[in-house]
Amino acid sequence: MQIGMIGLGRMGGNMARRLLRGGHQVVGYAADAASITSVASEGAIGADTLDELVSKLQRPRAAWVMVPAGEATEQVVNDLATRMQAGDTIIDGGNSHYKDDVRRAKALRSNGIHYVDVGTSGGVWGLERGYCLMIGGPRGPVDRLEPIFRTLAPGRGDILRTAGRDTRESPAEQGYLHCGPSGAGHFVKMIHNGVEYGLMQAYAEGFDILKNASSRDLPADLRYDLDVADIAELWRRGSVVQSWLLDLTAMALVENPTLSNYTGHVEDSGEGRWTIMAAVEAGVPADVLATSLFTRFRSRQEHTFAEKVLSAMRHKFGGHVERPAGG
């Protein structure tokens, strides 16, 4: 298929490359000219403006927006809306709030333009591992775009089938899923990120306890000088707590067991807050997720080894760099 990619940073650039490797034609545009040149050198068609990008797409056009959520995404979607026509599709693959998706879809529908929201997980590793895609929007354009989703997704790989799914066919096993109407994709991704906060916090606190098992405040015969890097590696093999987040933690700890290269200043990117707000609106208790969010707030005032573990995980999976002290 042919698709436009707007935003060629850490995620968008690698998604464009994965699509090119899958045989699709990509027309790429970004504010940074160097990133356009980079993907063009790998087979993409570069565009210096949005007008040029739209002109190089064949109808019905499909343009994937991969820019920071919020005002940047709003501006690009509005700019595309004035340039596209009935039957075309705008895809938002960033981390937009699901209520914004519902609003945008209604506004675009009056002009016959389709809007598809895609919660995208995979971080800086997605080029090789693939991206988990949580999709919302009308069935027609979602079905038409399936070759794009199938290429971006990781596929079944060597993950064993879940017992009982033998007679149940779903693209979820391939790493992508049409979750429901407008907003459903980003709603599922929002909860995914809220859960991610809780999982990361559990690992972080566990390793903090292990590291401090040698505290002088403990009786001498109850102190343990533990190798946290080796324990992380141990848990990766046969343990019920093994996961990709643990893999990344083990990687960070073997590189630097004290994590002295991290301050422990942990940002939140929005989805954690939105998850708690959604829980409040639905009257659903979310104790662990709420606590993990508040711990990130606290990390900006005081830092523990647990916060350094959190920061290390964020850097490893998403390339998130800590804000400089005082910044």
* Asked: Does Val77 satisfy the criteria of being open to solvent by less than 40 Å² (accessible area, probe 1.4 Å) and either more than 21 Å from Leu133 (Cα to Cα) or touching a Gly at 6+ places or on another chain (Cβ under 9 Å) (or both)?
  -> no
* To do: Could you name every one of the helices (runs of 4 or more DSSP H) located completely within segment 212-327 that has at least 1 residues being touching a residue at least 60 places away in the same chain (Cβ under 8 Å)?
  => 244-255, 271-282, 287-299, 305-318
* Asked: Looking at segment 128-149, which of its residues are assigned to a helix (DSSP H, G or I), open to solvent by 10 Å² or more (accessible area, probe 1.4 Å) and closer than 20 Å to His192 by Cα?
  -> Arg129
* Single unsatisfied condition, Ala34 versus (1) hydrophobic (A, V, I, L, M, F, W, C); (2) closer than 26 Å to Gly183 by Cα; (3) without any contact (Cβ under 8 Å) to a residue 24 or more places away in the chain -> (2)
* Does Ala47 meet the test of being closer than 22 Å to Leu80 by Cβ, crowded, with 18+ Cβ neighbours inside 10 Å and either touching a Pro at 6+ places or on another chain (Cβ under 6 Å) or touching a residue at least 12 places away in the same chain (Cβ under 8 Å) (or both)? -> yes
* Among the candidates Ile113, Ile159, Ile135, which residue alone is under 20 Å from the mean Cα position of the chain (by Cα) and of a type outside the set (Phe, Trp, Tyr)? -> Ile135
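Residue-by-condition table, conditions (1) touching a residue at least 24 places away in the same chain (Cβ under 8 Å); (2) in contact with a Phe, Trp or Tyr (Cβ under 7 Å, 6 or more places away or on another chain); (3) on the phi < 0 side of the Ramachandran plot; (4) not β-branched (Val, Ile, Thr):
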{"residue": "Ile6", "(1), (2), (3), (4)": "yes, yes, yes, no"}
{"residue": "Leu20", "(1), (2), (3), (4)": "yes, no, yes, yes"}
{"residue": "Ser38", "(1), (2), (3), (4)": "yes, no, yes, yes"}
{"residue": "Thr82", "(1), (2), (3), (4)": "no, no, yes, no"}
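The values are calculated or read from the model by the stated rules, or taken from the named source; none is laboratory data. Since we're looking at a predicted model, the values are computed, not measured. Quick reminder, even Gly has a Cβ in these numbers, built from the backbone with ideal geometry, and neighbours come from all protein chains shown. When the accessible area is computed, the model is the full protein with side chains, heavy atoms only, and any ligands, DNA or RNA have been set aside. Shrake-Rupley method; radii C 1.70, N 1.55, O 1.52, S 1.80 Å.
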